Amino acid sequence: MSGQLWAVNALGGFMYSDELSELLRTKLQPTVKFRQLCDAKDATNKGLNRGDTFNWNVYQDVADAGNDLDETVAIPETNFTIETASLTIGEIGNSVPYSGLLNNFSKQPVEEIIKYALKNDARKVLDSKAHAQFNQTDLTVQATSGTSTTAVTATEGGEAITNNVAFGKGHVKAIVDVMKERDIPGYMGDEYYAIAWPTTYRTMKNDLESIKQYIETGFGYIMNGEIGRYEGVRFMEQSGVAKGGGVDSTTWTYLTTDAWDNAKSDWIFFLGEDTVAEAIAIPEEMRGKIPTDFGRSRGVAWYYLGGFGLVHTGSNTSSNSRVVKWETAA
């Protein structure tokens with residue numbers, strides 16, 4: 001059987017040896033954040049027995065604007081279009097089988113350790129699923145001419161400019177202006193959120209050190225990973241998604257092959273309200289395998305029935321996008 005075995009040291013034998021430490025030590029885990037930013041609340045707790053598809057409507061503006069009226073002329077008539085988007089709910093999970101012999105011989109709690117490892121796996125997989133949908137946005141911003149520190153160019157349909165400058169506080173102001181002038185509503189009240197790799201913020205944080213010396217921030221951190229607020233944007237750090245941010249759609253692990261060539265910056269997501277929907281039929285849970293072979297074959301799994309989807313898709317993806325990505329063409 002594959003899984004955890006007593007006969008192979010690296011798969012279980014090391015769980016008991018002479019003078020084994022009582023302290024459980026595990027591999028470092030990245031801090032993941034994207035799933036908490038799925039804010040289409042009507043999708044949460046979809047429940048069972050409602051099919052495998054979650055739908056939502058996006059209503060466009062009226063085709064013709066209102067105008068002045070003459071006394072003897074009827075009020076003009078117009079219409080608006082409705083676009084339907086959807087996500088498909090599916091099963092996601094993973095398991096670790098283990099032998100009864102390992103459980104009987106091990107000094108350390110086999111099932112508890114397996115559950116811990118599987119919880120980390122579930123957390124990372126579901127976060128990568130959420131990130132993959134944020135990354136579907138086709139509204140991007142780049143430094144104007146690739147080098148400006150105070151102006152940005154918004155591009156619909158994908159990045160068109162190669163950034164050759166580190167992200168700084170001047171870019172924050174310009175991006176906020178773009179978002180407000182596109183009528184993107186705030187993620188929380190009038191404030192937007194931004195999420196990125198810690199070093200992507202380094203130049204901006206250095207720029208703001210002199211300001212922070214004299215100004216009390218005056219707010220409490222609300223989201224996991226928040227580091228501060230500037231120009232109406234709450235900034236979050238994450239270390240789960242690698243620089244470059246590509247995702248292997250088979251293993252749902254992060255790739256680094258799309259990292260920025262000049263290494264002066266990397267991606268940042270700026271978020272308004274109504275970003276990504278997570279439809280949950282069965283929240284993630286641990287399940288124990290019914291023992292077989294007279295109790296000698298055991299296992300633990302995590303299981304989730306749900307799905308993620310970018311809220312604004314189709315022909316309205318760019319014009320209605322609530323996710324803006326600081327991106328580069330190379």
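In summary, Asn94 fulfils each of the numbered conditions (1) polar (S, T, N, Q); (2) more than 27 Å from the chain's Cα centre (by Cα); (3) under 29 Å from Ile282 (Cα atoms) with the single exception of condition (2).
What are the residues in segment 51-97 that are closer than 28 Å to Val300 by Cα and either at pLDDT 85 or above or surrounded by fewer than 12 Cβ atoms within 10 Å (Cβ to Cβ) (or both), if any?
Once the filter is applied, which keeps residues that are closer than 28 Å to Val300 by Cα and either at pLDDT 85 or above or surrounded by fewer than 12 Cβ atoms within 10 Å (Cβ to Cβ) (or both), segment 51-97 yields Gly51, Thr88, Ile89, Gly90, Glu91, Ile92, Gly93, Asn94, Ser95, Val96, Pro97.
Looking only at residues in segment 262-292 that are of a type in the set (Asp, Glu) and touching a residue at least 24 places away in the same chain (Cβ under 8 Å), the one that is farthest from Ile184 (Cα to Cα) is Glu284.
Look through Trp260, Trp267 and report the one residue that is of a type in the set (Phe, Trp, Tyr), modelled with pLDDT of 90 or more and under 30 Å from Val176 (Cβ atoms).
On the way: Trp260 fails: modelled with pLDDT of 90 or more.
Result of the check over Trp260, Trp267: Trp267.
Under the condition of being surrounded by fewer than 19 Cβ atoms within 10 Å (Cβ to Cβ) and outside any loop (DSSP other than H, G, I, E, B), the residues counted in segment 104-121 number 10.
The values are calculated or read from the model by the stated rules, or taken from the named source; none is laboratory data. These numbers were taken from a predicted model, which means no experiment stands behind them. All Cβ positions, even for glycine, are placed from backbone atoms using ideal geometry, and neighbour counts span all protein chains on display.
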